[in-house]
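This report concerns only the one structure given below.
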Amino acid sequence: MTEHDPDCEKCEELLQGYLDRDLTLEEVVIAEGHLDGCDYCRRRYRFEERLRRYIRVSASERMPAGLLAKLTELRGPTADKF
Ligand SMILES: [Zn+2]
């Protein structure tokens, strides 16, 4: 399973920072290099990206109570960084 690939673990670590444009150049190169060759992480990245965009739009239109919590749940173990 790719989920236990150490490269994937590293990539998941970097993903939040990558979406926040919060990585060093070296980390961006690692993240992009991995995303380029890994379907699993690319899907995860797209999901996170869509989720962020959706939350931004929803937040500006007043998100119904509970929805944010539900979305946060979907994010799983990275939810604490939310
Ligand atoms: Zn991966």
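The values are calculated or read from the model by the stated rules, or taken from the named source; none is laboratory data. Owing to the predicted nature of the structure, the values given are computational and were not obtained by experimental measurement. With ideal geometry, Cβ positions are generated from the backbone for all residues, glycine too; neighbour counts draw on all protein chains shown. Side chains are part of the model used for accessible areas, which takes the heavy atoms of the whole protein and leaves out ligands, DNA and RNA. Shrake-Rupley method; radii C 1.70, N 1.55, O 1.52, S 1.80 Å.
Distance between the modelled labels on R53 and Y40, one decimal in nanometres: 2.5 nm (7 Å Cα→Cβ projection).
On a per residue basis, region 1-50 carries 70 Å² of accessible surface, using protein heavy atoms and a 1.4 Å probe. At a threshold of 8 angstrom on Cα-Cα distance, excluding pairs fewer than six apart, so keeping six or more, what relative contact order does region 6-60 reach in percent? After rounding, I find 32 percent. Taking the accessible area of region 6-60, probe 1.4 Å, and keeping the other protein chains in place, the carbon and sulfur fraction comes to 48%. Rounded to 0.05, the FRET efficiency of the R21 and L74 pair, given R0 = 22 Å and the Cβ-Cβ distance, is 0.45.
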